[in-house]
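Undergrad: What follows is a structure written as structure tokens; I'll ask about it next.
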Amino acid sequence: MSTNRLKERLDKGPVICAEGFLFEIEKRGYMASGEFVPMVSLDHPEVLENLHREFQHAGSDIVEAFTYNGHREKMRVIGKEELLEPLNRSALKIAKKVALDSPKGSQPNLMAGNISNSNIWKYNDSQSQKEVEGMFSEMVGWAVEEGADMLIGETFYYAEEAFKALEVMKKTGLPTVLTISPMGENKMRDGKSVVDTCKELEQLGADVVGLNCFRGPATMLPFLKEIRKAVKCHVGALPIPYRTSEDYPTFFNLPDRSNCQCPSPHGRTFPTALDPLLCNRYEIGQFAKWANILGIHYLGVCCGANPMLIREVAESVGLSVPASKYREKMENHFMYGKNERIPKHMTDYGDKA
Ligand SMILES: [Zn+2]
């Protein structure tokens, strides 16, 4: 087995992983919301490659192949099962290409293969569980063949599905990240507690355990504190950038109370009307800083992420990234700047603007 490059880097300090490809590709007009199948790797590979490059420019150390939802079950739902393998291989090849082209002066990126919640895992149903294991195995196999440096299993809300994903991933000998996503009941759907699930994942050999998706900073951080205390391995934290709360712990049922005049036709803010509930960049930066102080080194943002937020995460934990060149320079603003060239009649007008 080769050296664990992921663990070596985490031992030294923060490692950034951009996620959230689903929402960002949808916003750019290359994916149907709700259906959420990543056909973009086949239909518009240049769009996906460019988004990877933007995240890389913003400081992501990991290039995660966009195969989220690119599994056999989803492909059956849309009647395109024959495109399963080409879709996966294309996404993996694009990620590998970008990872091999890391920015000058930075450490080489790691390309990550990805598996996730299958949607058909059923508690106490060996038939469905066998099927899910097959889905994981074929995707992990393609990731290894396409040169993955590590594997990410994510967004699991069944503890046992996460254990199965890790078991399949571990067989490859590659470094493994396993992040879970408890829903609004604040526990796994098969009844296990969040912390116990993470402890068990560590026992099963995951290099990184933690949380991704569904929860914003406010409802993810309390769990992270407990997880960090309960395990010895590295911990991962990839929240959604939305203002979830104790009453609404996840984005699935998050209400818009900002006087919305035109609610979504399907009756909820998720996933197409969440925009007014976004965290600003400073809230995301503060989350990353707090997580880092706790000793959490695997950091990123999930659904709702964009390159600007990834840069914010990286800079908040002391990293300088290529996009740092363009961080805010309010001193040169035409009305709010302190630059001596800004005329007084403009700065005076600022509060009336
Ligand atoms: Zn997500």
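Undergrad: Looking only at region 249-264, count how many residues are assigned to a loop (DSSP other than H, G, I, E, B) and either within 16 Å of the ligand (Cβ to nearest atom) or within 24 Å of Ile296 (Cβ to Cβ) (or both).
TA: Looking only at that region, the number is 3.
Undergrad: Within region 13-58, how many residues turn out to be open to solvent by 10 Å² or more (accessible area, probe 1.4 Å) and part of a strand (DSSP E or B)?
TA: Going through region 13-58 one residue at a time, the tally reaches 0.
Undergrad: From the list Asn88, Asn124, which residue is more than 16 Å from the ligand (Cβ to nearest atom) and open to solvent by less than 10 Å² (accessible area, probe 1.4 Å)?
TA: When all the criteria are applied, what remains is Asn88.
Undergrad: Among the residues of region 305-353, how many are closer than 23 Å to Lys27 by Cβ, open to solvent by 90 Å² or more (accessible area, probe 1.4 Å) and not in a loop (DSSP other than H, G, I, E, B)?
TA: Residues flagged as closer than 23 Å to Lys27 by Cβ, open to solvent by 90 Å² or more (accessible area, probe 1.4 Å) and not in a loop (DSSP other than H, G, I, E, B) within region 305-353 amount to 1.
Undergrad: Determine the pairs where a residue that is within 22 Å of Ile115 (Cβ to Cβ), located within region 181-205, has a partner that is away from the ligand (no atom under 16 Å from the Cβ) and open to solvent by 50 Å² or more (accessible area, probe 1.4 Å) with Cβ atoms under 6 Å apart, the partner being 6 or more residues away or on another chain.
TA: Every condition considered, the pairs that remain are Asp190/Tyr123; Asp190/Glu160; Gly205/Lys170.
Undergrad: Something else now. It is to be established whether one or more residues within region 119-131 are touching a His at 6+ places or on another chain (Cβ under 7 Å) and among the aliphatic types (A, V, I, L, M).
TA: Among the residues of region 119-131, not one is touching a His at 6+ places or on another chain (Cβ under 7 Å) and among the aliphatic types (A, V, I, L, M), which makes the answer no.
Undergrad: Here is a further query. Considering Ile293, Ile227, Ile284, which residue is part of a helix (DSSP H, G or I) and open to solvent by 70 Å² or more (accessible area, probe 1.4 Å)?
TA: Selected residue: Ile293, the only one of Ile293, Ile227, Ile284 that is part of a helix (DSSP H, G or I) and open to solvent by 70 Å² or more (accessible area, probe 1.4 Å).
Undergrad: Being modelled with pLDDT of 95 or more and of a type in the set (Phe, Trp, Tyr) is the filter here, so list the residues in region 80-133 that pass it.
TA: Scanning region 80-133 gives a single hit, Trp121.
Undergrad: State all residues of region 253-272 that are hydrophobic (A, V, I, L, M, F, W, C) and either under 21 Å from Glu185 (Cα atoms) or in contact with a strand residue (DSSP E or B) (Cβ under 7 Å, 6 or more places away or on another chain) (or both); if no residue qualifies, say none.
TA: Leu254, Phe270
Undergrad: For region 265-281, what are the residues that are in a loop (DSSP other than H, G, I, E, B), open to solvent by less than 50 Å² (accessible area, probe 1.4 Å) and not hydroxyl-bearing (Ser, Thr, Tyr)?
TA: Phe270, Pro271, Ala273, Leu274, Cys279 - these are the residues of region 265-281 that are in a loop (DSSP other than H, G, I, E, B), open to solvent by less than 50 Å² (accessible area, probe 1.4 Å) and not hydroxyl-bearing (Ser, Thr, Tyr).
The values are calculated or read from the model by the stated rules, or taken from the named source; none is laboratory data. Note that the structure is predicted; figures quoted are calculated from it, not measured. Neighbour counts are summed over all protein chains in view; Cβ atoms, including those assigned to glycine, are modelled from backbone coordinates with ideal geometry. For the accessible areas, the whole protein counts, side chains as well, though only heavy atoms, and no ligand, DNA or RNA atoms are used. Shrake-Rupley method; radii C 1.70, N 1.55, O 1.52, S 1.80 Å.
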